[in-house]
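Asks: Below is the structure I would like to discuss, written out as C-alpha cells.
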Amino acid sequence: MLYEDYLERLIKRLADEENIEQSGQEIFAEVAEAYQIGKLEVSLELPPTFYTKEGENGTAVLYQAQGQIKSAADYVLQHTTGEKGLVQLMVYRLEGLPAFTAEEERGLHTILEALYMNLGRWRLIRKIKRLSMTDALTGLVNAGGFLTYIDELLQKKQLGRYNAYYMNLERFSLVNKRFGVRETDLIIARYAKAMQGTMLPDECLGRLGGDNFVALVRKERTEEFIERIKGMTVYGMLGNQEMPVLVSAKAGVLQLDDHVTNCGNVLSDCSIALHVARHIAKQQIVFATDEIREQAYKEKQIENRFAEALQGREFQVYYQPKVSLDKYELVGAEALVRWQSGERMIPPAAFIPVYEQNGMVCELNMYVLDQVCRDMAEWREKGIEPVRVSVNISRKNLSNPRLTENILAILDKYQIEHSWIEIELTETMDVEESAMLIEFAEHLKAGGVAISIDDFGTGYSSLNLLKTFPADVLKLDKSFVDQLEETDKIVLSNIIRMASELKLDVVAEGVETKQQMEYLKSIHCDVVQGYLFDRPIPKDIYEERLKKKIYEPPQ
Ligand code: C2E
Ligand code: CA
Ligand code: CA
C-alpha cells in the first residue's frame, strides 16, 4: 500500500536525523499532505534530574502548514517518561476538515510512536553536544564552545563588534601552593562565576583548561573589561577561614573586524599576543597588532630552523679581543656567536632571546664551546700561542645536572688546558637559581676553568654577589662607560678598587673612545674589550691578531 511506503521512508528519515527542530518541516511534508495535517507539536514537562537541574518544559512545533489551524488537537499521543515527566505529541488539522478516521488514527499512532522513540535520542544528542562544549569545572564554554560561538557571530557578520581575549591567571602556582589543588579548583570556579557575572548576554567567557581563559567582549566595554582582568577578588578557604584572593590575569587582546574568515585564527592570534605579553613585553595586557604577529612569525621561523642551522654549521664563532692597557697586548677574547643564514648575517639579539626561552640556547652554547676548543686545537697545531677565550653560558644550562662534566669533556676532547677557557655567567635575582649558579661555579673552578660575572652592574644584588660568588673576573657592563658622567665615575672607581681588594680581574666592556680608555687607565682598570680595538671578528682575522698580539696605541 502506498501509505506504508512513505511511512517506512519517514521512520528511516527520523532515525537518521540529528536535529528535528531544523528539519521537521521537510521531513513531515509528505505525511502531512497525505493526512492533511495542519500542525505537529511536541510538548515536554520534565522534572529536574541530576543532569538537568532546571528540568525541561516547553513546546516545539515540528511542522506547520499554511492556513488556519484548528485550536484543539485532533490526535494526541501521551507518554510518561522514566523520570515521571510527560511528553505529548499533538496533531492538529486545518480548520474545516473533519476528524481523523480510525484507520488514519492507526497510521498516525505509528508515526508518532516512531517520533517519540527518536525524541529521547535527540535530547541525548543535544545534551552531549552541550557537554562537549562545556568546561566541567566552571560550566563556561570550552575551546570548542568558544569557537562555535565565534563562528555563529561570523555567520551573522557581527564579529566586528567584539574584541577577543586570551587570558592567563598570574601567579596561580602560588595559589595552588597555598590552598592546595582542590580549593584552587574551587577558586577558579568562583573566579569564573564572578567574571561571568560581569558579561553581557551576547558576550562569551570560556575556559581552555588550567588557568587559561578566553573571552569575547563588546568593543565599547574594553576598558571596563581590562579593569576586571587586572584584578577580581574572590575567596579561598584555608581551614574554616575565608581568605580574600585577588586574581589577576595577563591577556592578549585581538581587535576583531568582519574580515575575519577563520575562527581558529582568532584564538591563535590572541595566544600570540598573550605570549608577547608574558615573555617579551612583560606587560599585563598586549594588543595583537600586525607587528606582533609578524614578530611571532619570525620567532617561529627562527625556532624551526635551529636544528637545520646547527647541522649545517650556519652558526659561526666570532672573537672579540680583550686588550691590556699597559702594553696594548691581546690578553684574551670573548667568543660571540653569529648566524650566517645564506647571505644574511643574523645578530645574536635576534635569536638568542628566542632560544633562551625555549631552551635551545643550551645546545647552542655547547656548540660554541666545542667550536672554540676546536679552533684552539687548530692554532696549537699551527704553532700559534692562544690566549684565554671566554664563552657565554646561559642560566638555562644550569638545569642540566651534568653541566660541569659536559663542559670539561668538551675541553678534554680537544686536549685544551682548562685554564685557557673562561665561562661568562650573568647575575640572577632568583635565590634558588643563585644557589645553583654558585654551586656550578665552584665545580668549574675546582676543574680549573675560570669564571667571569658578565654585565656586572646591570643586575640586582651585585655587591652581595661579590661576597658569595667564586668569580675570577668582573665584566663591567657597557652602560658604565657609555656616558662617563660624574656618578658613573664614582661608582666605577669604587668597584675597581673593591675588585682589586677581592683579587678579581676587571674587564671593561663596550669601550669605543680613547677618552673612555684614558679614564679607565687612570683608575687602574687594566683590560678593555670594545670597538676601540676590535669588533667581534671572524676566526681568520682573529688568527692574525693572535700571531701579532700587540696593538698600536689608539690615536
Ligand atoms: P654580551 O655577552 O654582553 O656580549 C657583548 C656584546 O657587546 C657583543 O654583542 C659585542 O659585540 C658588543 N660590544 C662589544 N664591544 C662593543 C662596543 O664597543 N660598542 C658596542 N656598541 N657594542 C660592543 P653581540 O655579539 O651582538 O652579542 C650580544 C649578546 O648576545 C651578548 O652580550 C650575549 O648576551 C649574547 N650572546 C652572544 N653570543 C652568545 C653565545 O654564544 N651564547 C649566549 N648564551 N649568548 C650569546
Ligand atoms: Ca658575555
Ligand atoms: Ca657583557
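The values are calculated or read from the model by the stated rules, or taken from the named source; none is laboratory data. Only a predicted model underlies this, so the values are computations on that prediction, with no experimental measurement involved. Here Cβ is always computed from backbone atoms with ideal geometry, including for glycine, and neighbour counts include all displayed protein chains.
Asks: Evaluate the following for PHE100: is it farther than 29 Å from ALA15 by Cα, touching a helix residue (DSSP H, G or I) at 6+ places or on another chain (Cβ under 8 Å), surrounded by 13 or more Cβ atoms within 10 Å (Cβ to Cβ) and of a type in the set (Phe, Trp, Tyr)? So that I can check it myself, show each step before the final result.
Replies: Values: farther than 29 Å from ALA15 by Cα: no; touching a helix residue (DSSP H, G or I) at 6+ places or on another chain (Cβ under 8 Å): yes; surrounded by 13 or more Cβ atoms within 10 Å (Cβ to Cβ): yes; of a type in the set (Phe, Trp, Tyr): yes.
Against the criterion (farther than 29 Å from ALA15 by Cα, touching a helix residue (DSSP H, G or I) at 6+ places or on another chain (Cβ under 8 Å), surrounded by 13 or more Cβ atoms within 10 Å (Cβ to Cβ) and of a type in the set (Phe, Trp, Tyr)), PHE100 does not qualify.
Asks: Being surrounded by 20 or more Cβ atoms within 10 Å (Cβ to Cβ), over 12 Å from SER324 (Cβ atoms) and either among the acidic types (Asp, Glu) or in contact (Cβ under 8 Å) with a residue 12 or more places away in the chain (or both) narrows it down to one of LEU504, LEU492, LEU532, so name that one. Break it down into steps so the answer makes sense when it comes.
Replies: Working: LEU504 fails: surrounded by 20 or more Cβ atoms within 10 Å (Cβ to Cβ); LEU532 fails: surrounded by 20 or more Cβ atoms within 10 Å (Cβ to Cβ).
Just a single option satisfies the conditions, and that option is LEU492.
Asks: On the given criteria, is ASP540 assigned to a helix (DSSP H, G or I), away from ligand 1 (no atom under 13 Å from the Cβ) and acidic (Asp, Glu)? Break it down stepwise before answering.
Replies: On the way: assigned to a helix (DSSP H, G or I): yes; away from ligand 1 (no atom under 13 Å from the Cβ): yes; acidic (Asp, Glu): yes.
It is true that ASP540 is assigned to a helix (DSSP H, G or I), away from ligand 1 (no atom under 13 Å from the Cβ) and acidic (Asp, Glu).
Asks: Regarding region 500-515, can at least one residue be identified that is within 16 Å of ligand 1 (Cβ to nearest atom), over 20 Å from GLU334 (Cα atoms) and of a type outside the set (Gly, Ala, Ser)? Steps first, please.
Replies: Taking region 500-515 first, the residues within 16 Å of ligand 1 (Cβ to nearest atom) are 506-515.
Then drop every residue that is not over 20 Å from GLU334 (Cα atoms), which leaves 514-515.
Add one more test, that the residue is of a type outside the set (Gly, Ala, Ser), and what stays is 514-515.
Yes, some residue in region 500-515 is within 16 Å of ligand 1 (Cβ to nearest atom), over 20 Å from GLU334 (Cα atoms) and of a type outside the set (Gly, Ala, Ser).
Asks: So THR458 ticks every box in (1) surrounded by fewer than 19 Cβ atoms within 10 Å (Cβ to Cβ); (2) away from ligand 3 (no atom under 14 Å from the Cβ) but one. Which box is left unticked?
Replies: Against the list (1) surrounded by fewer than 19 Cβ atoms within 10 Å (Cβ to Cβ); (2) away from ligand 3 (no atom under 14 Å from the Cβ), THR458 comes up short only on (2).
Asks: For region 425-458, what are the residues that are of a type in the set (Gly, Ala, Ser), within 14 Å of ligand 1 (Cβ to nearest atom) and touching a residue at least 60 places away in the same chain (Cβ under 8 Å)? Before the answer, list the steps.
Replies: Just the residues of region 425-458 that are of a type in the set (Gly, Ala, Ser), to begin with: 434-435, 441, 446-448, 450, 452, 457.
Add one more test, that the residue is within 14 Å of ligand 1 (Cβ to nearest atom), and what stays is 452, 457.
Across region 425-458, the qualifying residue is only SER452.
Asks: Can you tell me how many residues in region 369-396 are near ligand 1 (Cβ under 8 Å from one of its atoms) and surrounded by 19 or more Cβ atoms within 10 Å (Cβ to Cβ)?
Replies: Our first condition is that a residue be near ligand 1 (Cβ under 8 Å from one of its atoms); within region 369-396, this holds for 391-394.
Next cut, surrounded by 19 or more Cβ atoms within 10 Å (Cβ to Cβ) only: 391-393.
Residues that pass the stated criteria total 3.
Asks: Further, regarding this structure: Tally up the residues in region 247-291 that are among the basic types (Lys, Arg) and at pLDDT 85 or above, please.
Replies: Taking region 247-291 first, the residues among the basic types (Lys, Arg) are 250, 278, 282.
From what's left, at pLDDT 85 or above: 250.
Residues that pass the stated criteria total 1.
Asks: How many residues, within region 292-333, are basic (Lys, Arg) and within 29 Å of GLN529 (Cα to Cα)?
Replies: So the first thing to find is which residues in region 292-333 are basic (Lys, Arg), and the list is 293, 298, 300, 305, 313, 322, 327.
From what's left, within 29 Å of GLN529 (Cα to Cα): 313, 322, 327.
The qualifying residues number 3.
Asks: Select, from LYS322, LYS327, the only residue that is over 30 Å from LYS282 (Cα atoms), within 11 Å of ligand 1 (Cβ to nearest atom) and among the charged types (D, E, K, R). I'd like the intermediate steps shown before the answer.
Replies: Numbers: LYS327 fails: within 11 Å of ligand 1 (Cβ to nearest atom).
Step by step, each of LYS322, LYS327 is checked, and only LYS322 is over 30 Å from LYS282 (Cα atoms), within 11 Å of ligand 1 (Cβ to nearest atom) and among the charged types (D, E, K, R).
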